[in-house]
Structure formats: structure tokens, C-alpha cells
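What follows is a set of notes on a single structure, which appears directly below.
The values are calculated or read from the model by the stated rules, or taken from the named source; none is laboratory data. Treat the numbers as computed from the prediction; the structure is a model and nothing was measured. No Cβ is skipped: glycine too gets one built from the backbone with ideal geometry, and neighbour counts run over all protein chains shown.
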Amino acid sequence: MVIFTILSLFSVFLSFYFFWRQNNRAKMGGAISKAKAFWLFFTIYVWFFLLPYCYFNFELRPYTDIWIIFSLWMWIRGIVEIFMMFVTKNWVPPIGIIHDISCVVIFIGLSIYWFDGFKTHFNWSYGIFHLTLISSVILETYYAHGFYKIVGTKTKGDEAVWYAPSDDASFQFIVKITGIFNLFLFSSLFFFLGKVIYRM
């Protein structure tokens, strides 16, 4: 638990540093709004770190089985995306959108397939967080589509735009929507951490 807490706090520190760097020094990716930075922290922390941690430490099937399958699929996407963003520099939003849709299908499909398991091992804390995860992937799909409509293929090259700056009028709506849904996502995350991880 101590290691988990230290790594969680370190991820928060990295998130703040990333926000500062993107808005002060970084050339690639462009400036990032606070709402987008919080959203990015949520996705990376939850999808890539928290879900595997839950699978190996708080097993409650079929919840954790679905979560680890989703996380592994997201890890594969993350590796490919980073390579295409920083090495080949040809990442475009439709690739991510297709992957996001596949994640929604995985979540809903496996939830239906293991529905009897949900009834047998129903847990309010896990169930609420499971719905939050599905919602987060749907939101990711919506955000990516909205972002693509604004920037098109400007996500490629040495001056690629990957984030949504708060001072650009064209991003104001999606930034505002992101901020609103962040409240819901982080409320669910803190509830889950308190009930399941720290057992408050």
C-alpha cells in the first residue's frame, strides 16, 4: 500500500510537471488546458496503472478480468501511439478513435458475456467504477472525434498539435465539456480509492 501511494503521488507530480512543460517549453503537442491535463492524468493513471494493480491485488471476477483485458489492449495502443507521435510523427486521431470504439465493444461485450458473474459477485464499489470506466472510454471517443474535427491531420510532423489549449476559441466547447465530466470521473475515482484501495 505504501508503494502504491508513493507511485500515485509521483504520478500526480509528473502530471503537474507535464502541464507546466507543455505550456512553457514544449514545442511538440502544443499548449494544454487544465481540463485536458486532468483528463489525461485520469486516463493514464487509471487505465495503465490502477487497473493492473487491482487485478493483482484486489481480484473480484469478472470485474478485474475485464479491466486487465482492457488495460492490456490500451497498453498496446499506448506503445504504438507514442512511437507514431515521437518517432514516425504520423499519428492521426482516426487511429485512436477506431481503437476507442474497439474498447467500448470489449467492455460491453465482455460485460454481457460475464453477466452471470456480475450477478453472483455484485459489488457496489466495483460496479460503479466499472460503469465509470465504460463512460470514460465513450468520452475518450467523443473527445477524439471533436478534436479531429478541429485539427484534422495537424497531429503529424514536428509541430503537431495533440492537446486542447484553453486560449483557443475553437477548443473552448470541448474544454468546457471535459472539465464538467472530469468532476464526475474524479468523484468516482476518489470513491473507489477510498472504498476499495484504502478501505475507508
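Take I97 and decide whether it is touching a helix residue (DSSP H, G or I) at 6+ places or on another chain (Cβ under 9 Å), at pLDDT 90 or above, assigned to a helix (DSSP H, G or I) and of a type outside the set (K, R). Considered against the rule, which asks whether it is touching a helix residue (DSSP H, G or I) at 6+ places or on another chain (Cβ under 9 Å), at pLDDT 90 or above, assigned to a helix (DSSP H, G or I) and of a type outside the set (K, R), I97 comes out as yes. Annotation: of all residues in the range 58-69 being part of a loop (DSSP other than H, G, I, E, B) and among the charged types (D, E, K, R), the one that is surrounded by the fewest Cβ atoms within 10 Å (Cβ to Cβ) is E59.
Pairs meeting the criteria (first residue in the range 82-97 and farther than 20 Å from S136 by Cα, second residue surrounded by fewer than 16 Cβ atoms within 10 Å (Cβ to Cβ) and at pLDDT below 85, beta carbons under 6 Å, at least 6 apart or on different chains) are K89/G157; V92/T153. No other residue among Y55, Y45 is free of Cβ contacts under 8 Å to residues at least 24 places away in the same chain, among the hydroxyl-bearing types (S, T, Y), surrounded by 16 or more Cβ atoms within 10 Å (Cβ to Cβ) and not in a loop (DSSP other than H, G, I, E, B) apart from Y55.
Only one of the numbered conditions (1) among the hydrophobic types (A, V, I, L, M, F, W, C); (2) surrounded by 15 or more Cβ atoms within 10 Å (Cβ to Cβ); (3) in a helix (DSSP H, G or I) is not met by I32, and that is (3).
If you go through the range 70-91 and keep only what is surrounded by fewer than 16 Cβ atoms within 10 Å (Cβ to Cβ) and among the aliphatic types (A, V, I, L, M), you end up with L72, I76, I79, V80, I82, V87. Exactly one residue out of T120, T141, T178 is in contact (Cβ under 8 Å) with a residue 12 or more places away in the chain, under 22 Å from I66 (Cβ atoms) and out of contact with any strand residue (DSSP E or B) (no Cβ under 9 Å at 6 or more places or on another chain), and it is T141.
Restricting the search to helices (runs of 4 or more DSSP H) fully inside the range 103-200 and requiring at least 1 residues that are surrounded by 15 or more Cβ atoms within 10 Å (Cβ to Cβ) and of a type in the set (V, I, T) gives 124-151, 172-192. When you look at M74, is it within 26 Å of V196 (Cβ to Cβ), of a type outside the set (D, E) and part of a helix (DSSP H, G or I), yes or no? Here the answer is yes, as M74 does meet what is asked.
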